[in-house]
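Here's the structure we're looking at; comments come further down.
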Amino acid sequence: MDKQQVAAALRETGLLLKAKGENSFKAKAYLSAAKTVQRSQEDLAALIAENRLTELPGIGESIEKYITELCSTGEARYLSRLRQELPKGAAELSLIRGLTLKRIQTLNEKLDISNIQQLEQACKEGKLANLKGFGLKVQNDILQALSGSREEIDQIRLVRAFELVDEIVETLSLALKTEKIEVVGAVRRWHETVDRITIIVESDIKRTAAALKKVRGIVSIEETGALLLAHLVDGIPLEVYPVANLAFGLLKHTGNKAHFEQLQQHAAARNLELDEANFSSAKNEKQIFKAIGLHFIPPEIREGRGEVAASKTSDFSTLVEYKDIRGMTHCHSTYSDGNNTIEQMALAAQRMGMEYITITDHSPTAHYAGGLSIDRLKEQWEEIDQVQQKVKIKLLKGTECDILADSKLDYPDHILEQFDIIIASIHSRYRQDEEAMTRRLLNGLKNPHFKIWGHPLGRITLHRDPIPCDVVKILEAIADAKVAIEINGDPYRMDLAPNWAAIAKDLGLKFIISTDAHSRTDYRSLQYGIHMARRALIKKEQVLNTFGYEQFCFSVKAAA
């Protein structure tokens with residue numbers, strides 16, 4: 001079996017386990033393994049022959065045996081058993097809230113329903129209203145969810161969009177036998193939330209439409225000119241554009257409308273027509289940008305806000321990149337609300353190639369998050385010293401210290417002055433009015449130990465709005481106080497937003513890019529912080545944790 005077929009089997013196994021609901025970690029392991037196999041450049045047969053499958057990330061002993069059996073016999077007994085145990089269409093139908101396995105089994109047996117299209121038709125015909133275990137309310141709830149998917153353009157977090165994109169791209173890749181598929185639009189521009197997912201595929205519309213029907217969780221598909229518009233159970237539209245040339249498709253569909261119009265105007269001024277026919281042989285976007293006399297414009301900034309004019313002279317090469325980061329900042333351990341020990345967090349960062357890590361557990365007032373009393377803090381410092389003897393990476397003693405309602409920091413000064421790094425954050429009294437919140441922050445900045453403003457506006461995307469405050473006045477005060485600002489890469493926070501980060505940059509402020517890690521796996525979120533910073537045109541030298549250990553230690557004290 002080729003890697004596409006192996007990835008499909010692994011993915012189906014993961015989805016069935018997820019539907020079964022018995023072991024979420026096991027389901028995630030199979031779904032992760034599917035992505036690993038799909039993306040690996042290694043020859044699968046060679047890896048099996050040389051007993052090197054476990055060298056691939058996320059492939060453990062049990063999944064190694066699964067893949068070996070699959071490639072040797074053409075089937076996996078574990079997958080076959082899951083198919084027999086679970087109702088037909090369980091993976092797809094379980095995406096709909098309220099459809100338990102028992103209800104899916106009933107739909108199978110009583111109405112021969114095994115996919116979303118059949119379910120929708122049955123609801124419209126009123127077949128679920130009198131079905132045992134359902135009733136009119138459940139039928140209406142399902143219909144409302146399905147029609148909402150079609151009629152309401154909602155927002156989803158970027159992290160959820162990436163989860164959907166991974167499965168959609170892999171399914172289309174398997175069906176079309178091509179890897180020339182890319183996500184574009186707001187997802188490729190790394191917007192915190194998106195109202196649609198847009199994908200391009202180098203194929204024709206007929207084959208693409210047939211392949212799209214194999215994607216799980218699609219309610220319906222409509223063909224509109226050169227666009228295939230699908231509606232997902234999540235309530236988000238999926239746009240799929242079949243294109244003749246992938247490179248031109250990336251150029252046309254990544255940026256917003258204003259960006260592409262500006263590209264067209266620039267090309268026209270050089271007597272060039274920017275269309276697919278004229279660039280049918282382009283191998284990548286850089287070739288097209290070069291052909292029209294522009295430097296490559298990073299996807300994150302294709303917003304029609306002057307980047308086209310700037311690219312005539314700027315190559316944007318100084319923007320911060322993932323590889324520039326030399327230290328993991330804002331990391332929690334089991335001393336407060338983290339899931340891993342200090343040693344585990346340190347070793348994981350060390351394996352990433354990091355030079356240093358800051359241990360910044362919560363301060364006392366955050367009792368709900370295991371905030372550290374002074375006695376507990378001293379125990380933590382002792383353990384940090386012990387761990388430092390075991391690892392090469394440098395450990396810094398820090399805190400995520402609450403900015404209290406009265407503007408004070410949550411430890412006395414004689415304790416604050418002993419920390420290597422202090423991230424000051426608001427975790428309570430979010431509902432203060434704008435005047436009170438602004439005063440709270442401005443007075444807090446007067447404390448000389450306030451050196452990094454953590455997840456500045458306290459937002460949680462699609463859940464909690466930013467705190468009310470005069471942001472510009474605070475940023476100006478921060479510039480005077482020589483305080484740095486955190487760009488928090490937690491995919492549920494993604495704070496500070498790029499519009500404010502850009503203003504902070506123009507004021508000359510410095511930043512740290514963090515993951516707000518509460519476990520080793522949270523380090524993966526670094527990419528969200530990096531792309532947020534790039535959207536604000538933040539350069540490498542403006543980010544403190546691109547510095548080496550000694551310069552970083554000096555800079556977080558001076559923040560200058």
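The values are calculated or read from the model by the stated rules, or taken from the named source; none is laboratory data. Please read all numbers here as calculations on a predicted model, not as lab measurements. In this analysis, Cβ positions are derived from the backbone assuming ideal geometry, glycine residues included, and neighbour counts consider all displayed protein chains. All accessible areas refer to the heavy atoms of the entire protein, side chains included, with ligands and DNA or RNA removed. Shrake-Rupley method; radii C 1.70, N 1.55, O 1.52, S 1.80 Å.
Below, the figures for the structure above:
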quantity	calculated
Part-to-part distance (alpha-carbon centres) for the stretch 500-519 and the stretch 46-122, which is given in Å	42 Å
Carbon/sulfur fraction of accessible area - the stretch 272-385, other protein chains in place, 1.4 Å, %	47 percent
Mean separation of Cα contacts under 8 Å, 6 or more apart, over the residue count of the stretch 263-356: relative contact order %	17 percent
Cα gyration tensor category, rounded, prolate or oblate, for the chain with a/c compared to 1.5	prolate
Residue 102/residue 143 FRET efficiency (R0 22 Å; Cβ-Cβ; nearest 0.05)	0.60
For the stretch 70-211, alpha-carbon Rg over 2.2 N^0.38 Å	1.25
Simple Cβ-charge dipole of the chain, Lys/Arg +1 and Asp/Glu -1, about Cα centre, in debye nearest 20	780 debye
Cut-off 11 Å between beta-carbons: net charge of the residues surrounding residue 331, Lys and Arg +1, Asp and Glu -1	-3
Cα lying deepest toward the dipole's positive end in the chain, options 393, 477, 424, charges on Cβ	393
Residues of the stretch 167-184 with amide N under 18 Å of the 7 Å Cα→Cβ point at residue 283	179-181
Vicinal HN-Hα couplings computed from phi for the stretch 415-421 (Karplus, 6.51 cos²θ - 1.76 cosθ + 1.60; Hz; Gly/Pro x)	8, 4, 6, 8, 6, 7, 8
Length-normalised contact order for the stretch 71-224 - Cα pairs under 8 Å, 6+ apart - percent	19 percent
Cβ-based charge dipole, the stretch 427-510, positive-most Cα from 438, 496, 454	454
Net dipole in debye of the stretch 59-123 [+1 Lys, Arg Cβ; -1 Asp, Glu Cβ; about Cα centre; nearest 20]	260 debye
Cα-centre dipole for the stretch 314-469 with unit charges at Cβ (Lys and Arg positive, Asp and Glu negative), debye to 20	160 debye
Segments 397-407, 128-138, 344-354 sorted - mean Cβ within 10 Å per residue, highest first	397-407, 344-354, 128-138
Sparsely packed trypsin sites (Lys or Arg not before Pro) within the stretch 9-109, loop by DSSP, other Cβ within 10 Å at most 11	97
Built amide H within the under 5 Å cut-off of residue 407, gap 5+	none
The chain: antiparallel DSSP beta bridges as a percent of all, rounded to 5	40 percent
Spacing of the two label points (7 Å from each Cα toward its C-beta) at residue 112 and residue 385, in nm	7.6 nm
Mean separation of Cα contacts under 8 Å (6+ apart) over length of the chain, as relative contact order %	9 percent
Contour minus Cα-Cα distance for residue 295 and residue 324 (0.36 nm per residue)	8.3 nm
Carbon/sulfur fraction of accessible area - the stretch 486-560, other protein chains in place, 1.4 Å, %	51 percent
Rounded to 5, percent antiparallel among DSSP beta bridges of the stretch 323-482	10 percent
Euclidean distance of C-alpha centroids, the stretch 187-244 and the stretch 422-443, integer Å	43 Å
The stretch 4-92 - percent of accessible surface contributed by carbon and sulfur, probe 1.4 Å	47 percent
Sites matching chymotrypsin sites (Phe, Trp or Tyr not before Pro) across the stretch 397-481 that sit in DSSP coil, with at most 15 neighbouring C-beta atoms within 10 Å	430
Placed amide H near residue 401: partners under 5 Å, 5+ positions off or other chain	423, 424, 425
Solvent-accessible heavy-atom area per residue, rounded to whole Å², over the stretch 278-368 at 1.4 Å	44 Å²
Cross-link pairs 110/206; 252/505; 257/312; 397/505 - those with Cα-Cα distance over 25 Å	110/206; 252/505; 397/505
